[in-house]
Amino acid sequence: MDANQFRAAAHAAIDQVIDYYENISDHRVVSNVAPGYLRQLLPTEIPENGEPWDDIQKDITEKIIPGITHWQSPNFLAFFPANSTYPGILGELYSAAFTSANFNWLCSPAATELETIVLDWLCQLISLPPAYLSSSPSGGGGVIQGSASEAIVTVVVAARDRALRALSAGITDEAEKERFVDATRGKLVALCSDQSHSSTQKGCLIAGTKYRAVKVQRDLSNQNFGLKASTLRLALEAATAEGLVPFYTTVTLGTTSTCAVDDFAEIAQVAKDYPNLWIHVDAAYAGAALVCPEYKHLIAGVEAFDSFNVNMHKWLLTNFDCSCLFVKERKHLLNALSITPSYLRNEFSEKGLVTDYRDWQIPLGRRFRALKAWFVMRTYGAEGLRKHIRNCVAVGTGFYERVKARPDLFTIFTPPAFGLTVFTVNVERQGLKGRNEVTKEVYESVNADGEVFITSTVVDGNYAIRIVSGNPRIEDKHLARAFDIIVAKTEEVKKRDAHTPPIVEIQKELKGL
């Protein structure tokens, strides 16, 4: 493909992307292809001779798009959003054009320095304490990771290293220190709310440390499932009494199931009694709301914690992947992850004049992801990002009000939070089991039709439906239509359920046969 062919293909591709976005609501949200569909449509081997772009682009339309689940559709109401916008797409285009591994400053100075600048912008925008800025006396700063899970693996490794260094600091004999570290590593344990994302448990598997989930009860003051300081303290004391060494915990701003917020301010007080405990804030989705002043009270006490992560690629209009990790002291990442063979050495790094982000992450190489964050921030500005967040919350609140207005059909499970509504279906059957079965049936019935896509969760034994309104194209009409679909499916399922004999009666009939 020469320059002229590329120009023509690029124009055609951009036109196709625009058409896709402008007409995305026309697509069924969830693909209904069967597993293995693509293998039946594509050749089993690479073509011997190159093919023209027109043929390749035609296959995008005819073979790839039918197998896409359309996350950018305003009818995608599942999981948490994965926003994408035109400025972000342009950032990816330039990143692809400038492709470099960017494992140190010298590989592409602009890639490193722009990342430092835009992460400082974001740090200030969401009102994190100055300690998390790259210019802070404590040596903090931000780095873009691939995902919140990747960020957690990174800080778990740093936390493990910090704890072992601190605990072995008084041992001068190297052989004795090695034996102590080996023995102590097996006693390290991470303690996290059972509402925390599973990425913490996976991070501990990778780091070779123990993990324990702490059971969280519903908080009667706010009817959600946030981790309280007293619960964490009891878990820390119990682990210590067993001879274990608590070294890490994740606190969450917006849990996956219900968008609960842990008790930051009180947990910060607990941290004072456990100096070797690394506390990481997982704010992957809901942290985006901190661009709005009305949410900033939620992170009171965050200055006592060690790291904080928010995904711009979830709710801040930046396409995947752009997970922003902030640390209060970068030295702990460097101590745990720095390896400098001869082929990575250069005078700027040796003199400490630059940042080498390879020491802030698990991989060596990295993409120029700061471009898309920069483009999005400049295009929308702080006010544009606030407008986006507030619109999503307002539309989500409208859906919550619709659910609340039908107590004959639904029960709100937890209060609305960050555009998320969580509810269950009311049934005539007795007990939790009956309600769970019917709620699940409604959920599966809605998704089977494919006009909208929703997700479910199980919290404290309760099966519930989740609806989240985080799409930049979301309007009240989309949630109104989703509500009508859910109501229709609920009435259909309840009607069918009312005509189904109780299981005891069915068993009697079977015995009679």
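The values are calculated or read from the model by the stated rules, or taken from the named source; none is laboratory data. Computed from a predicted structure; not experimentally measured. Counting neighbours? That spans all protein chains shown, and the Cβs are built from the backbone with ideal geometry, glycine included. To get the accessible areas, we keep the full protein, side chains included, count just its heavy atoms, and leave off ligands, DNA and RNA. Shrake-Rupley method; radii C 1.70, N 1.55, O 1.52, S 1.80 Å.
Just a few scattered comments:
- Subset tally (residues that are outside any helix (DSSP H, G or I) and farther than 21 Å from residue 289 by Cα) for the stretch 76-102: 5
- Among the residues making up the stretch 118-135, a single one is under 15 Å from residue 375 (Cα atoms) and open to solvent by 50 Å² or more (accessible area, probe 1.4 Å): 121.
- Set 435, 386, 390: member being touching a Cys at 6+ places or on another chain (Cβ under 6 Å) and open to solvent by 50 Å² or more (accessible area, probe 1.4 Å): 386
- Taken over the stretch 447-462, the criterion of being among the small types (Gly, Ala, Ser) and at pLDDT 95 or above is satisfied by 456 alone.
- The C-beta contact set for the stretch 38-65 (first residue in the same structural domain as residue 24 (by the TED database), second residue open to solvent by 70 Å² or more (accessible area, probe 1.4 Å) and in a helix (DSSP H, G or I), distance under 6 angstrom, 6+ apart or interchain) comprises 63/41.
Quick grid of which residues meet (1) over 30 Å from residue 318 (Cα atoms); (2) open to solvent by 30 Å² or more (accessible area, probe 1.4 Å); (3) assigned to a strand (DSSP E or B); (4) at pLDDT below 95:
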| site | (1), (2), (3), (4) |
| --- | --- |
| 442 | yes, no, no, no |
| 464 | no, no, yes, no |
| 477 | no, yes, no, no |
| 480 | no, no, no, no |
| 483 | no, no, no, no |
| 487 | yes, no, no, no |
| 491 | yes, yes, no, yes |
| 495 | yes, yes, no, yes |
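- Checklist (1) under 26 Å from the mean Cα position of the chain (by Cα); (2) among the charged types (D, E, K, R); (3) open to solvent by 60 Å² or more (accessible area, probe 1.4 Å) applied to residue 115, failing item: (3)
- Residues satisfying the stated conditions in the stretch 48-75, i.e. among the acidic types (Asp, Glu) and in a helix (DSSP H, G or I): 54, 55, 59, 62
- Residue match in the stretch 28-35 (condition: assigned to a helix (DSSP H, G or I) and either open to solvent by 60 Å² or more (accessible area, probe 1.4 Å) or within 27 Å of residue 447 (Cα to Cα) (or both)): no
- Within the stretch 402-419, tally of residues that are more than 19 Å from residue 488 (Cβ to Cβ) and assigned to a helix (DSSP H, G or I): 0
- Filter result (of a type in the set (Asp, Glu), under 30 Å from residue 33 (Cβ atoms) and free of Cβ contacts under 8 Å to residues at least 40 places away in the same chain) within the stretch 66-124: none
- Qualifying positions in the stretch 396-443 - polar (S, T, N, Q) and under 28 Å from the mean Cα position of the chain (by Cα): 397, 411, 414, 421, 424, 436, 439
For (1) modelled with pLDDT of 90 or more; (2) surrounded by 14 or more Cβ atoms within 10 Å (Cβ to Cβ); (3) assigned to a loop (DSSP other than H, G, I, E, B), each residue gets a yes or a no:
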| residue | (1), (2), (3) |
| --- | --- |
| 320 | yes, yes, yes |
| 332 | yes, yes, no |
| 339 | no, no, yes |
| 349 | no, yes, no |
| 353 | no, no, yes |
| 358 | no, yes, no |
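- Annotation: residue 40 fulfils all but one of (1) closer than 30 Å to residue 286 by Cβ; (2) open to solvent by 80 Å² or more (accessible area, probe 1.4 Å); the unmet one is (1).
- Those helices (runs of 4 or more DSSP H) of the stretch 155-274 in which 3 or more residues are open to solvent by less than 10 Å² (accessible area, probe 1.4 Å) and in contact with a Leu (Cβ under 8 Å, 6 or more places away or on another chain) occupy 229-241, 264-271.
- Taken as a whole, the condition of being surrounded by 10 or more Cβ atoms within 10 Å (Cβ to Cβ), out of contact with any Lys or Arg (no Cβ under 9 Å at 6 or more places or on another chain) and not hydrophobic (A, V, I, L, M, F, W, C) applies to residue 52.
- Near pairs, Cβ below 7 angstrom, 6+ apart or cross-chain, from the stretch 134-145 (farther than 13 Å from residue 303 by Cα) to any residue that is part of a strand (DSSP E or B) and of a type in the set (Val, Ile, Thr): 141/327
- Selection from the stretch 401-415 of residues that are surrounded by fewer than 22 Cβ atoms within 10 Å (Cβ to Cβ) and not hydrophobic (A, V, I, L, M, F, W, C): 401, 402, 404, 406, 407, 408, 411, 415
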